[in-house]
1. Give, in nm to one decimal, the length gained when the segment between residue A:260 and residue A:244 is fully stretched (0.36 nm per residue of separation minus the Cα-Cα distance).
2. Decide, for region A:219-314, between rounded, prolate and oblate: order the square roots of the alpha carbon gyration tensor eigenvalues as a ≥ b ≥ c, take rounded if a/c falls under 1.5, and otherwise choose prolate if a/b is larger than b/c, else oblate.
3. For chain A, with the dipole built from +1 on Lys and Arg beta-carbon atoms and -1 on Asp and Glu ones, taken about the Cα centre, which of A:26, A:733, A:344 lies farthest toward the positive end?
4. Report the residues of region A:820-844 in range of a label on residue A:11: point 7 Å along Cα→C-beta, backbone N strictly under 16 Å from it.
5. Please state the shape class of region A:748-863: rounded when a/c is under 1.5, otherwise prolate if a/b exceeds b/c and oblate if not, all from the C-alpha gyration tensor.
6. Please name whichever of A:570, A:472, A:284 sits farthest to the positive end of the charge dipole of chain A, dipole taken about the Cα centre and charges placed at Cβ: Lys and Arg +1, Asp and Glu -1.
7. Can you flag which of A:611/A:793; A:327/A:717; A:68/A:796; A:177/A:529; A:11/A:65 are past 26 Å Cα-Cα?
8. Once the dipole of chain A is set up with Lys and Arg at +1 and Asp and Glu at -1 on Cβ about the Cα centre, which of A:217, A:325, A:628 lies farthest towards its positive end?
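Just so it is clear, none of the values below were taken in a lab; they were calculated from the coordinates. Note that the structure is predicted; figures quoted are calculated from it, not measured. Here the Cβ is made from the backbone with ideal geometry for all residues, glycine too, and neighbour counts use every protein chain on show.
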Amino acid sequence: MEYNFSEIEQKWQAEWDKQAAYKVSNESNKPHYYVLDMFPYPSGAGLHVGHPLGYIASDIYSRYKRLKGFNVLHPMGFDAYGLPAEQYAIQTGQHPEKTTNKNIDRYIEQLRKIGFCYDWSRQVKTCDPKFYHWTQWAFVQMYNHYYDPVAQKAKPIAELVARFEKEDPHWATLSEKEQQERLMPYRIAYLADTKVNWCPALGTVLANDEVSEGLSVRGGFPVEQRVMRQWCLRVSAYAPRLLEGLDRLDWTDSLKDTQRNWIGRSEGAEMQFNIKGQDNPITIFTTRADTVYGVTFMVLAPESEYVSRLTTDEHRAEVEEYLAWVKRRTERERIADRKVTGVFTGSYAINPLTNAEIPIYISDYVLSGYGTGAIMAVPAHDSRDYAFAKHFNLPVIPLIEGADVSEQSFDAKEGIMMNSGILNGLEVKDAIAKMKEYITNTGIGRVTINYRLRDAIFSRQRYWGEPFPIYYKDGMPYTLPEECLPLQLPEVKEFKPTATGEPPLGHAAMWAWDEQNRKVVDKQLIDNKTVFPIELCTMPGFAGSSAYYLRYMDPHNDEALVSKQANDYWRQVDLYLGGSEHATGHLIYSRFWNKFLYDLGLVCEDEPFRKLINQGMIQGRSNFVYRYIGEGASGNLYISYNLIGNPEYKDKVQPIHVDVNIVHNDVLDIVAFRNWMPEYKNAEFVFADGTSSEVEDNPYLGSAMPKQYICGWAVEKMSKSMYNVVNPDDVVAKYGADTLRLYEMFLGPLEMSKPWDTNGIDGVHRFLKKAWNMYENISDAEPTAEELKSLHKLIKKVTWDIENFSFNTSIPAFMIAQNELYTLKCNKRAILEPFAILLAPYAPHIAEEMYHRCNGQGFVIDAAWPECYEAYLVEDTQKYPVQFNGKVRFTLECPKDTPKDEVEKLVLAHEDTARYLAGNAPKKVIVVPGRIVNIVI
RNA sequence: GCCGCGAUGGUGGAAUCGGUAGACACGAAGGACUUAAAAUCCUUUGGCCCGAAACGGCUGUGUGGGUUCAAGUCCCACUCGCGGUACCA
């Protein structure tokens, strides 16, 4: 009976569809479990074999949970807004919606072939007005709330207004515009002039997590700093809760650490330094209050608000020149060229403890966005201050005993203080505490906590994103009424910025808000009395992905993002799978967004993702042919990889990428190679045996055997240009979805990055074939002890593996069990039916067919997970009582038919162990698996 | 620089609580079947050594130390690789 995988897979996929086997209900008396994959951005290239890795893992877990009797929510959708579709639209004029939908269709088709148990009826896509309705709605809520730092939660802006009305007699006298301006800095979604990452090539601003080393993450274009009026989200207000919440999550330590670093909590103190000849002091932030006696200068960030006040007339020209120079530099230049620069302001500060006069400088190594944008410089104990001091010849005062600061600073937070007045003789840790106490008591400063996490810039000067439900009246923003949402993305003639530099929505004709009639109208009607302009920016990519997991709970609800009942039932994502690259972006924003909704009482859990697993990246495994470029080279001759180290070819070959799809087990298909590209049409080879003739005479009948050309290989990123992209469709066509699923898991631990190497897929395919063959003539006979042992070993192992996400080690267990059962010629239903159920999460199609061959009723996906009975696993052993040195009596457990002299040998072999055990008097210790030594004294 | 992770045969990897290192698979070599090939099946496969034979000996998990009756696993120092982050005061 042949294993016809494509027939089996098509049959069961159709059957599951027909019976809506994966449709999930929100009403069930079963326990609930929510398994989620990070939804993909549907790129034009389609899925490659790396994408499904996490999906397969989560699918296995979902199916297992279902077999364990849970009502499992396992949905899939699409993060449909994104730059590539818009860039493509600018180049080709094709509407991004069209290309996006096309890509989504392709993704769905590819995903369906792999046999995932998604409830497709719950599919979401972020560019659907029914979906972004709730993205816009959440934004409106953020606009209408402020963060109360005392209560540590978001509250309606109306409460703030009420407070102003009550406490501030001025409030009533303010104009509406003035009132709005006053409220703006409190709102959770607010407009502000901020320094942003502007990417000229993309024509948009980017969030911090979208920039890496001065280049945009998408596209790698240079980014520069600019001050612009932008929508921002007050993520920083949630920093303490985002940090604290990590302790309650079942995430890996490395991911939590990444988030902790990104949030960047640091305890320190703000201190005030008086300015010589001025009334107002300046405030600095430091974590080293203990070093205040060693301050020899102060430094301001170039953008600091103190700069203009502290610059004296005689230094003004020099300062302005420096500021202009700093402004001209791109972020990238600043990172690449880190030489010491700076300029003296002409002013002096007074050290509050020593009363020394210390010069105030400006330098771009101080950042305006962190702390107060001004520092006290302690060159002896900070390497950056040290470099600055050396460059400008400023004094260095060592504060820690025994620290040599003649060559470099001593940055470590340890040692005994000296030259430090009241702190002398104290350990650094105690000195910090004492100085904090001192400055608090004297009013010089106060203890504060600083966070590195900044507010998220929420505007994008792009077309393909969610429009802001905002219009402008008298220069101030107003939200559209909630019942008018969603504000649909309008059509535009062009996807580029307008001639006047407005974002692409500037091209939209129907883009004005008629306040009285509550509808979108032609922008020519704008009169700023009843008809107003609408916001031209759109929301960033993370807007739609921040709460999508809630939408799956109740995807067709037109009244709310998610109903109270649906949210109360599913609560939160129990298991979330995705790449670790989202650690500082999506996973922060989602947590923030969820906490905000929690504050509003709209969701019942304040953390969205209880357990999170990062699957590793699948890298490409490229293959190479080696073109001969030595003497007399025709440019047409390719040397087999095993020969390129030989003297005649060494350093005379050039590696060339070859399509991995025409290479099998590193052996090149030479016919396919010649047909691959015209330039290889006449390719000639030196084969693995060192000869050039393509065939070998066959001793039988003189027919010809082709010879082998071996390709080299390397691990690289999976990409078209390296010709190492493997398409899951091809693998499914050749081996079947079940083999693909099994093999992706077999490749290695889920969380590790590893190259995709098709070599070896035959192994798991063979396993399925062999397993399949056991299901030919099924008997009702009673299983033997051996058969039961084999099965229950497998149950124990596979159950453990799935619960611990160690999917890769299950496949060998299946192979071993299959082998044992095959050797026992086992064809018994009592064994084979549970075997099929165990296999079902991994290889659902073949398992379904196997299950039905055992006369299983219904679907295998609804069967009950078999239970492991330890009684079947007991080793067949016998106990031998032994005397040792006349003092210690122990029982040796070993296989039943071990001869007597063998037992004695075993005892002697463990003499040391026995002696040790006797001395420490333990009860029972495993010496060697299967041979247990019980010591009784 | 800082934080995190990793290093085991020709290859991917296993060893789940400190207890027979190399499971399982690929590849390779040899064999069976076959006119031949594919498919399938069987044997061998970390290295070295002794031997007529073996349930034989030695060595072996990046390097150097340590703890332990026992270390791939724990501790210290280092080397290399990967990922994140970077003037965060």
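1. Taking 0.36 nm per residue and subtracting the Cα distance, the gain is 4.8 nm.
2. oblate
3. A:26
4. Under cut-off, by backbone N: A:844.
5. Working: a/c = 1.66, a/b = 1.65, b/c = 1.01.
Cα axes put region A:748-863 in the prolate bin.
6. Of the candidates, A:570 comes out farthest on the positive side.
7. Where the Cα-Cα span goes over 26 Å, the pairs concerned are A:611/A:793; A:327/A:717.
8. Selected residue: A:217.
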